[in-house]
Amino acid sequence: MRTISAGLPTGSAFFVGSSRPIRDIEAFAAPRSGIEVFANRGLAGIDGNLSTIFGISNHFKNSYAVIGDLTFLHDLTALLAPPKNNLTIFVIDNNGGGIFSTLPQSGVAGFEEIFATPQNQNLEKIISSFGIQTTKVKSTSDLNFALSQSNPGLNFVIVEVPSREVMAAKLVETYSRISSAVRIGLNLA
C-alpha cells in the first residue's frame, strides 16, 4: 500500500477499497497531498465498488484504485460499461477475505467457507475476457514499474501477494514491533 500511495501522480483520484486495503493505507502509507482519496462504506463495504470507482474516474484525468479480489468479484458486471478516462485498478489477489485471517476466528472449523470465502478464480482471465488490459505483479519492483506506466483507458494490475495466513502473521509481527518501539519510547518497557 505504501508503494502504491507514494507512486500516484499529483492531481489523481485514489479510491481505496474496504476491509484490509483501507486499514493498510491508514497504517502504512505516508501522508501526502495532491491526490483526492475516496472510499465506500456499506453493510459489508464491498458492494458496488467498481461502479463507484468508474463514476469517480469520470471527473479526473487520471484515477487509481486499490481493492481486494472479493470486492472486485462482487461488482464484476460493472466491466460491461467501462469508463473512458484513464483508470488503473490494483486488485490484491489473496484468494479471499484477507482481513478475516487477522481475527480470532481464523483457524476454527469452517473458517475458510464462512469467513475467508476463497474463490479460486483466475482474475487475469476474467478481466481479459472483457477485452481489458491486465498486468500481473509479484514484487515491489514490478509494482513500481506498473505505477510508472501511463496506459490510456482502463487497466488492471493484479497484485499477487503471499497467502492470507502469511500476510496475517506479517501484520502481527509488524504491530508487535511497533508496540515494542512505542513502549520503549514511552519508557514503559
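Just so it is clear, none of the values below were taken in a lab; they were calculated from the coordinates. Computed from a prediction, not measured in an experiment: that's the story for all the values here. For neighbour counting, all protein chains shown are included, and Cβ atoms are generated from backbone atoms with ideal geometry for every residue, glycine included.
Between residue 163 and residue 37, what is 0.36 nm times their sequence separation minus the Cα-Cα distance? Round to one decimal in nm. Walk me through the intermediate numbers first.
Numbers: separation 126, 0.36 × 126 = 45.36 nm, distance 2.76 nm.
Working it through step by step, the gained length comes to 42.6 nm.
Which distance in nm do the two modelled labels at residue 189 and residue 141 give, with both placed 7 Å along the Cα-to-Cβ direction?
According to this spin-label approximation, the distance is 3.3 nm.
Please give, to one decimal in nm, the separation of the simple spin-label points placed at residue 30 and residue 178, each 7 Å out from Cα toward the Cβ.
With each label point 7 Å from Cα toward Cβ, the separation is 1.7 nm.
Multiply the residue gap between residue 122 and residue 59 by 0.36 nm, knock off their C-alpha separation, and tell me the result in nm, one decimal place.
Stretched out fully, the residue 122 to residue 59 stretch lengthens by 19.6 nm.
Could you give log10 I(q)/I(0) at q = 0.11 Å⁻¹ for the chain, computed by the Debye formula over C-alpha point scatterers of equal weight, without solvent?
The computed values of log10 I(q)/I(0) come out as -0.50.
Through the Karplus equation 6.51 cos²θ - 1.76 cosθ + 1.60, θ set to phi - 60°, convert the phi angles of the stretch 13-27 into ³J(HN,Hα) values in whole Hz; use x for Gly and Pro.
Taking θ as phi minus 60°, the curve returns 8, 9, 9, 10, x, 6, 6, 5, x, 5, 5, 5, 4, 4, 7 Hz for the stretch 13-27.
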